[in-house]
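Here's the structure, in structure tokens; my notes come after.
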Amino acid sequence: MKAMHISRIVDLNKDRQPLDQVELSLPEPGEFEVRIRVSVCGVCHTELDEIEGRTRPPQLPVVPGHEVIGVVDKRGSGVSRFSVGDRVGVGWIHSSSGGNMENVNEKFQATGRDVDGGYAEYMVAHQDYAFLIPNVFSDSEAAPLLCAGSVGYRALKLAGVRDGQKLGFTGFGGSAHIVLQLAQFLYPAIQIYVFARDPGQQQHALELGAHWAGPTEASPDQPMDAIIDTTPAWKPVLAAMENLRPGGRLVINAIRKEDNDLDILQTLDYGRHLWLEKEIKTVANVTAEDIRQCLEIASRIPLKPEVEKYQFSDANQALCDLKAGKVRGAKVLMLEPAQ
Ligand SMILES: [Zn+2]
């Protein structure tokens, strides 16, 4: 089968072909595992973190990709949840301990980092960590919900907002454009403020019904009850802390931050950025339940993520475009041309 490999750690500014296209033998599903014929795999910022070594795969080479949609084509022994032909998705959680803290348990293993993921024609997944995809979504619409949507949904829960409050997003790409719509559905009177350096992303936010959109360092006249940060940088963190109300909370939704603008932390001012009981919380990974809930809520809206499609063979281009910040909605790789 065709697959893409991360076989070395690179600087994407210097090496624009980080993935190697390879031919691999078909994976066989083990006990309680299904084999999935992949149709679409989303492109996530975490792939950049893997390729550039910030969250390094424990073994190389590895097949990346953790927003996987496809059809069950073979069942291992003991599989009871799925039949051949079922359309399923797989997210960042490959396996863990179960329970509501399985996302931070030491048993947590990540799809496409600790085990082979979905940049391939086939992959295998445990039946407890594969999810039926509601019919309302096309394959490419469903893919971003498996990570950008689900981890973003967990960030929304951790933000602790209530209806009628002011929720900010700093950064507005694959994840935030989905979480904005989840928030509007769950909290109809919520007011959304979007801080993004790219005018196109500000415009996208307004089109989706944001109350306000402006640049990263702007200060709207009202302080935020909570802000979700989806950027790889530090400047938006300081700007967000300044825009929080007393007791407000910033949730950082990033597996790793890049260090290009780390110097700005030298300007951290306790009184301006932190005092008055402001909080910073991070979000880590997802539980299986987060993914189930996200898919269920998104299907009721129904939420249609905006996607930019790339041919599978253009995976390197998709990653370089993501690195360059060329994002409107979410990027997906098409394994099968029909979707
Ligand atoms: Zn991801």
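The values are calculated or read from the model by the stated rules, or taken from the named source; none is laboratory data. This structure is a prediction, so every number in the text was calculated from the model and none was measured. FYI the Cβ positions are ideal-geometry reconstructions off the backbone, even for glycines, and counts take in every protein chain you see.
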Worksheet item: Identify, please: which residue in region 136-152 is among the small types (Gly, Ala, Ser) and either assigned to a helix (DSSP H, G or I) or modelled with pLDDT under 95 (or both) and is, among those, farthest from the ligand (Cβ to nearest atom)?
Response: Ser140
Discussion item. Residues to consider are Gln266, Gln317; find the one that is over 23 Å from the mean Cα position of the chain (by Cα), outside any loop (DSSP other than H, G, I, E, B) and either polar (S, T, N, Q) or in the same structural domain as Glu67 (by TED's automatic domain parsing) (or both).
Written reply: Gln266
Worksheet item: How many of the residues in region 61-104 are over 13 Å from Ile36 (Cα atoms) and outside any loop (DSSP other than H, G, I, E, B)?
Response: 4
Worksheet item: Could you give every pair whose Cβ atoms fall below 8 Å, whose first residue belongs to region 280-292 and is farther than 30 Å from Leu268 by Cα, and whose second residue is surrounded by fewer than 22 Cβ atoms within 10 Å (Cβ to Cβ) and of a type in the set (A, V, I, L, M), counting only separations of at least 6 or pairs across chains?
Response: Thr287/Met101
Worksheet, complete the sentence: Over region 125-135, the set of residues in a helix (DSSP H, G or I) and within 16 Å of the ligand (Cβ to nearest atom) is Tyr129
Worksheet item: Among the residues of region 72-89 satisfying the criterion of being buried (at least 17 other Cβ atoms within 10 Å of the Cβ) and within 20 Å of Ser25 (Cβ to Cβ), which is nearest to the chain's Cα centre (by Cα)?
Response: Val72
Worksheet item: Within the set of pairs 6 or more residues apart or between chains, which connect a residue that is at negative phi inside region 250-274 to a residue that is among the small types (Gly, Ala, Ser) with Cβ atoms less than 6 Å apart?
Response: Leu250/Ala240; Val251/Ala155; Val251/Ala159; Asn253/Ala155; Asp261/Ala233
Fill in: From the options Gly91, Gly112, Gly78, Gly85, residue that is on the phi > 0 side of the Ramachandran plot and within 15 Å of the ligand (Cβ to nearest atom)
Gly112
Worksheet item: Residue check, Asp263 against (1) in contact with a helix residue (DSSP H, G or I) (Cβ under 8 Å, 6 or more places away or on another chain); (2) under 26 Å from Leu12 (Cβ atoms); (3) exposed (fewer than 14 other Cβ atoms within 10 Å of the Cβ), all met but one. Which one?
Response: (1)
Discussion item. Could you tell me how many of the residues in region 5-54 are buried (at least 24 other Cβ atoms within 10 Å of the Cβ), in a loop (DSSP other than H, G, I, E, B) and within 16 Å of the ligand (Cβ to nearest atom)?
Written reply: 1
Worksheet item: From the list Leu158, Leu208, Leu182, which one is surrounded by fewer than 24 Cβ atoms within 10 Å (Cβ to Cβ), in contact with a Gly (Cβ under 8 Å, 6 or more places away or on another chain) and either of a type in the set (Val, Ile, Thr) or assigned by TED's automatic domain parsing to the domain that holds Leu250 (or both)?
Response: Leu182
Practice prompt. Go through region 209-240 and give me each residue that's in contact with a Lys or Arg (Cβ under 8 Å, 6 or more places away or on another chain) and closer than 15 Å to Asp198 by Cα.
Written response: Pro215, Thr216, Glu217, Pro232, Ala233
Worksheet item: Tyr119 versus (1) within 16 Å of the ligand (Cβ to nearest atom); (2) over 24 Å from Ile6 (Cβ atoms): which is the lone unmet condition?
Response: (2)
